Amino acid sequence: MIRFLYILLIISFMVSCSTTRKLQKSYNGKPVSILKKDYGIPSTIIERKRDTIYIYEKADSLRSTEISQGRLTLDPIITPAVVKTERFYFTVEKGIITEVRSEDEYKR
């Protein structure tokens, strides 16, 4: 029984600390005008019958780096350079943010 409680506690902690959860706490129930102040102009706006989805994109270039193996080797392992694109989706109904989600995409 105690193991089950520990596992349940660890899972709830992991879910409550995710990036999406932090965004939901910060923006759910707030007016859409706060998005323009924090993120600027959205890259895409999708209008549906009941709501509107605002999509914001942020791209970062991650350069290649050597992976340390903790020992001397003749051939180092080097990660490739990638472009990381973060997308934030905000669902807005009647001027109020109702849902927030995010996703990351990596391209070589």
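The values are calculated or read from the model by the stated rules, or taken from the named source; none is laboratory data. As the structure is a prediction and not an experimental result, all values here were calculated from the model. Here the Cβ positions follow ideal geometry from the backbone for every residue, glycine too, while neighbour counts run over all protein chains shown.
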(request) Could you grab me the full set of residues in segment 32-49 that are part of a loop (DSSP other than H, G, I, E, B) and charged (D, E, K, R)? (result) R48, K49
(request) Considering (1) in contact (Cβ under 8 Å) with a residue 24 or more places away in the chain; (2) under 24 Å from S18 (Cα atoms), say which one K37 fails and leave the rest. (result) (1)
(request) Take the residues in segment 50-108 that are among the small types (G, A, S) and not in a loop (DSSP other than H, G, I, E, B), then tell me which one is surrounded by the most Cβ atoms within 10 Å (Cβ to Cβ). (result) S102
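Each row is one residue, and each column tells you yes or no for (1) loosely packed, with under 12 Cβ neighbours inside 10 Å; (2) at pLDDT below 75; (3) basic (K, R).
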{"residue": "S16", "(1), (2), (3)": "yes, yes, no"}
{"residue": "K22", "(1), (2), (3)": "no, no, yes"}
{"residue": "K25", "(1), (2), (3)": "yes, no, yes"}
{"residue": "G29", "(1), (2), (3)": "yes, no, no"}
{"residue": "S33", "(1), (2), (3)": "yes, no, no"}
{"residue": "Y39", "(1), (2), (3)": "no, no, no"}
{"residue": "P42", "(1), (2), (3)": "no, no, no"}
